[in-house]
Each structure stands twice: as C-alpha cells, then as structure tokens.
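Written out below as structure tokens is the structure these notes cover.
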Amino acid sequence: MIIRQAPDLHGSEITPRSAYVSRRGLMVGALALAALPSTVRRAEAALPNVAKSPFVLDDKRTPLEDITHYNNFYEFGMDKDQPAKRAPGRLRTRPWTVRVEGECGKPGTFDVDDFIRRSALEERVYRHRCVEAWSMVIPWVGVPLGPVLQRFDPNSRARFVAFQTLFDPQQMPEESSRLIYPWPYTEGLRIDEAMNPLAFLAVGLYGDILAPQNGAPIRLVTPWKYGFKSIKSIVSIRFVEQQPPTLWNTVAPSEYGFYSNVNPTVDHPRWSQAKERRIGEFFRRPTLMFNGYGEQVAGLYTGMDLKKYF
Ligand code: MTE
C-alpha cells in the first residue's frame, strides 16, 4: 500500500473455483480436518443456515477466484498473489479464540467455531474499496458487529474499539521483521461506528468459511471505509477510552487517517481517489462518497471536517 500501487491482475493468478472448493460438505468437519492440506479442508467448508439480509447489492459479484487470489495481507507478503500462495497451510485457523476486554462489564473469550454454531449467520453483499483505488463486490457471511460487542457490556468509558490480528511470526512470516511495520496489524473504530448496523464480522464468503488469505477465521468488514480498516484474522477486541493506534496510521499518518472513510474528494497524497478500477472491468468507475453507504453512515460524521478527519 505504501510502497507499491496495485499491479494488474494476471490470468495466471486465477485458480478455477472447482479446483479447490465445493459446497457439498458441511462446516462440522472443519475442526477435525484442520490438519489436512487446505485444498482438502476447503471442500468441507460450507456454512450452514445462512440467511439473506437486506444488505445485498445489485452489482455483479466479483468471482470467488479474484476475491481469493488478489489480496492484501501483508503478514504474508506485499504482492497481491502472495497471501493465496503462503497463507493456506501456514495459518492455523482452528481452533481459534478471540479475547474481548477493556472497558466492559463482561470481558471474555469466544471460540470461533462455537460462535459460528450459535450465531444467526447472514449473507451481505458489500462493495469493497481499497485505498489503492481498486474495488470488488463481495458476498460475505457473518454477523453484525454491534450485537456481538453488546454481549460484553461496554461501559461509558468505551469510546473506541481496538482490534488486533494474530502475532505469530511462525505462521505469519513477514511478522518476523518489524523494520517497516509495527506488527501485529491493528485497527480501530469509534464505538458508534462499531455499533453501526453496517459494521460486520465476517466468517465466510460465497457461503463457505473464509479462506486463510481473506482473513480466516474471523475478520472485520466496514464497507464505507477503505479496505485496510477491515482487519483480518482477529484475536483481540478491546474497548478503550482513547483513540487507539492503528498500523497504517502509525506508519504513514499523512497518508492513512484514523477514519479512512471512502471519500472521492480527498485524494491520497500520491494518487487520486476520484475513480476506481472494479476488478474484472476495463473502464474506471467513479468512486462514491462513503462507498455508496452515505444513507447509513453519513450521520456518524455530522459537523466533522472530513478533509481534516480523513
Ligand atoms: N488485515 C491484516 N491483518 N493485514 C493486512 O495486510 N490488509 C488490509 C485489510 N486487512 C490487511 C488486513 C487491506 S489493505 C485490504 S484492501 C483488505 O484487508 C483486503 O482484503 P481482501 O484481501 O480480503 O480483499
């Protein structure tokens, strides 16, 4: 993101969906199969009882092959094809627990498979706009973030929510060097942003559990913000009083603000944000304010100068 702009997608990077995934299996096998190669494991990865939600776009969905082979997951390398090559087989996504703590009455830990079994999963088809000016349309499976957070009873000092990715250089090879990036990857939201009905915790896409390269087993999705806010492979959620540090804002504060709402009128210092390249399309299309979700989220920023709080 900082060093390179998005390279073009090459056909050779794309594996046919049928080569590695089928919907026949059931999610129940996922735990027992954790030790098997990812190609086998994915065949048992369909999520059960996924309800449709009102948050479904008419836009053409980006093919699964593109969503799973054109990734940003810097813990596995900076090139778009590296996460798909390096994360499966390295990242152990089960068993996996998430710790929720900080300014709340009921801190605790949840197991992701348990969470999936107990949750009313829904599918949401969201636009995904990367700060690098490319975009996709992704059918996520998961649950709204707000009700999950409420279960931990945040108190009145909980003004922000801080998220953290796994730190384990053995599984995430780029984490072994902190020369450029202050690992682990961290992100944050204001509490009212986190409680907005659009904020989503994804555990799957296209009806199956998340592929490792997409942030398995659980990631954030905030579709009105640039994609880097959508932190992957979360192990910790913390309610805090002060605005928390975030990886990109720490590394380059003049380029990546804390809010990072999609805004075609505020350019990145090194490129325009007015247009985007939808993966799979030839012509660039205009970028929409708040990525087209203004009706749901504009009220969060009433009275704020969005050029200052970018
Ligand atoms: N989360 C972690 N832990 N590490 C990352 O490098 N990249 C971010 C975000 N979440 C990133 C991350 C960026 S820049 C984008 S655009 C999205 O993940 C990409 O998500 P995708 O690969 O599923 O499209």
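The values are calculated or read from the model by the stated rules, or taken from the named source; none is laboratory data. This structure is a prediction, so every number in the text was calculated from the model and none was measured. Glycine also receives a Cβ, built like all others from the backbone with ideal geometry; neighbour counts cover every protein chain displayed. With ligands, DNA and RNA removed, areas are computed over all heavy atoms of the protein, side chains included. Shrake-Rupley method; radii C 1.70, N 1.55, O 1.52, S 1.80 Å.
Numbers for the structure displayed
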quantity	calculated
Options 220, 300; residue that is over 20 Å from the mean Cα position of the chain (by Cα) and either farther than 30 Å from residue 47 by Cα or not in a loop (DSSP other than H, G, I, E, B) (or both)	300
Filter pass, residue 64 being more than 16 Å from the ligand (Cβ to nearest atom) and either buried (at least 17 other Cβ atoms within 10 Å of the Cβ) or within 30 Å of residue 151 (Cβ to Cβ) (or both)	no
Residues satisfying the stated conditions in the stretch 113-135, i.e. in contact with a Lys or Arg (Cβ under 8 Å, 6 or more places away or on another chain), aliphatic (A, V, I, L, M) and crowded, with 21+ Cβ neighbours inside 10 Å	none
Residue under evaluation residue 302, criteria (1) open to solvent by 40 Å² or more (accessible area, probe 1.4 Å); (2) farther than 20 Å from residue 61 by Cβ; (3) touching a Lys or Arg at 6+ places or on another chain (Cβ under 7 Å), criterion not met	(3)
Meets criteria (over 17 Å from residue 231 (Cβ atoms) and within 16 Å of the ligand (Cβ to nearest atom)) for residue 159	no
Test: residue 194 is in a helix (DSSP H, G or I) and either within 21 Å of residue 103 (Cα to Cα) or out of contact with any Phe, Trp or Tyr (no Cβ under 6 Å at 6 or more places or on another chain) (or both)	yes
Residues (open to solvent by 20 Å² or more (accessible area, probe 1.4 Å) and not basic (Lys, Arg)) located in the stretch 85-103	88, 89, 95, 97, 101, 102, 103
Number of positions in the stretch 217-269 that are free of Cβ contacts under 8 Å to residues at least 24 places away in the same chain, open to solvent by 40 Å² or more (accessible area, probe 1.4 Å) and either closer than 29 Å to residue 94 by Cα or more than 15 Å from the ligand (Cβ to nearest atom) (or both)	4
Restricting the stretch 182-209 to residues that are in contact with an Asp or Glu (Cβ under 8 Å, 6 or more places away or on another chain) and within 30 Å of residue 63 (Cβ to Cβ), the residue that is least open to solvent (accessible area, probe 1.4 Å)	199
